[in-house]
Amino acid sequence: MVSLGSDAEWSLPAHAYRDPARFELERKEIFEKNWLLFTWSERMAKPGDYVNGTLAGHNIFAIRGDDGVVRAFHNVCRHRAAELVKGETGSCGGLVVCPYHSWSYRRDGRLHKAVNFGPETKFDAHEWGLIAADCTEWRGLIFVRIATEGPSLLEWLGPVADLAAPFPLEKQHYFRTKERIVDVDWKIYGENYLECYHCRAMHPGLCQTLDIEKYQINVFPEEKFFHLHAPGRNPGDTQGCYLYRFPFLMLNLYDWGSSIATVEPLGPGRIKHINWYFFEDVSPEKAEENFATTEWSAQIITEDLEVITTVQKNINAGTFKQSPLSKSEEYAVIAFDRMCDEALRPTGPRAVAAE
């Protein structure tokens with residue numbers, strides 16, 4: 001028998017990765033209250049251009065206004081709740097018009113006209129405008145927060161913005177998206193991202209490129225971010241900046257391009273993994289090289305998903321209860337799990353003991 005001692009660190013209990021009630025708390029206390037990556041600026045080049053999607057379970061669209069500002073709104077008409085815009089991207093022209101009863105809204109969200117509602121009723125354009133979400137454009141990326149109060153995006157990013165400053169995000173252009181829907185909880189994905197204990201066993205290609213012996217993760221609990229250091233094996237290798245901002249913003253930045261990733265939690269034990277690739281040179285001459293770079297990156301994610309989906313499967317079956325965590329190899333996982341629990345603390349303390 002192995003004695004771990006009273007100061008041992010433990011994983012979250014198994015039910016934390018599969019419990020619908022906990023997931024709903026996470027949606028309210030974590031997903032809705034944090035800035036989440038929504039889209040990139042090049043998709044919305046001119047006034048009226050919009051991007052439509054789902055964020056923290058809410059139907060959201062972002063639209064560029066006549067003043068050039070990008071704003072986000074719930075995709076819900078104030079009259080009878082129909083969806084206003086369709087498709088992932090599009091342009092609404094001068095007004096956003098509801099397809100149900102033709103109520104129309106300006107690009108800044110104000111109500112324009114309640115068609116044929118009746119002459120005796122006067123609607124205040126602001127009071128009956130679209131329901132807004134917080135929205136900020138930062139260096140070619142667009143972030144949305146469902147909650148309309150809290151720190152600004154720059155305050156939320158904190159040191160992440162400073163560490164990203166030397167990298168020319170504004171000069172990089174969209175190249176490709178890689179999306180996958182997988183049966184794994186968002187926390188399991190985050191935990192896997194924040195340790196390289198598994199790298200020697202699972203990532204032979206990565207280990208050939210990076211000096212895994214010198215791999216380390218700096219944890220910043222107050223700012224809720226992680227700085228991953230992975231030096232290249234050869235002096236001439238490209239040096240990048242690798243950042244993870246809780247709950248699930250992942251920035252891999254280089255002088256020549258970037259891999260920008262996030263996850264969309266779809267329920268307990270299920271996510272959509274979203275990865276965008278940007279390059280400074282997206283000319284046809286560079287297409288083959290750029291594509292090969294993205295495939296190399298995507299292969300590492302595939303290697304992760306092949307294993308962590310089996311983790312979720314065993315958790316769902318009730319086989320696994322709880323695990324000790326290594327203070328030397330999984331210290332960032334320990335910090336991540338604490339961030340998860342601290343965010344839920346107003347609604348209940350962490351359950352430390354195994355089920």
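Every read-out reported here was derived from the displayed coordinates using simple, explicitly stated rules and does not represent laboratory data. Everything quoted here is computed from the prediction, not taken from an experiment. Reconstructed Cβ throughout: ideal geometry from the backbone, glycine too, with neighbour counts over all protein chains shown.
Past 29 Å, Cα to Cα, is the threshold; run K28/K224; K224/K327; K28/K171 against it and keep the listed order. List each step's numbers first, then the result.
On the way: K28/K224 18 Å; K224/K327 19 Å; K28/K171 36 Å.
In this structure, K28/K171 exceed 29 Å between Cα atoms.
Once the Cβ-Cβ distance between R338 and A298 is put in as r, and R0 is 30 Å, what FRET efficiency do you end up with, to the nearest 0.05?
The pair R338/A298 has a calculated efficiency of 0.50.
Please compute the length gained on full extension between D7 and K327, using 0.36 nm multiplied by the number of residues separating them and subtracting their Cα-Cα distance. Don't skip to the answer; put the middle values down first.
Values: separation 320, 0.36 × 320 = 115.20 nm, distance 1.04 nm.
Length difference between fully extended and current span is 114.2 nm.
Would you tally the net charge around S41, using a Cβ to Cβ cut-off of less than 11 Å, leaving S41 out, and scoring K and R as +1, D and E as -1?
Here the count lands on -1.
Under a crude label model (7 Å from the Cα following the beta-carbon direction), how far is R270 from A45 in nanometres?
3.7 nm
Could you state the principal axis extents of the C-alpha atoms in region 1-90, from the largest down, to the nearest angstrom?
Largest first, region 1-90 extends 67, 32, 19 Å along its Cα principal axes.
With each pseudo-label sitting 7 Å past Cα toward Cβ, what's the A201-L95 distance in nm, one decimal?
The answer from the label model is 6.2 nm.
In square nanometres, what is one fourth of the surface area of the convex hull spanned by the alpha carbons of region 74-170?
The directionally averaged projection comes out at 8.0 nm².
Under 25 Å between alpha carbons, and skipping anything fewer than 8 positions from K113 in its own chain: which lysines qualify?
K46, K86, K122
Quick one: what are the phi-derived ³J(HN,Hα) couplings along region 93-101, Karplus 6.51/-1.76/1.60 with θ = phi - 60°, whole Hz, x for glycine and proline?
Taking θ as phi minus 60°, the curve returns x, x, 9, 8, 10, 5, x, 8, 10 Hz for region 93-101.
Over the chain, what is the mean sequence separation of C-alpha contacts under 8 Å (at least six apart), divided by residue count, expressed as relative contact order in percent?
It comes to 21 percent, rounded to a whole number.
For the chain, state what percent of all Cα-Cα pairs lands in each successive 10 Å bin, counting from 0 Å until the bin that includes the largest distance.
For the chain, the binned pair fractions read 5, 22, 31, 24, 13, 5, 1, 0, 0 percent.
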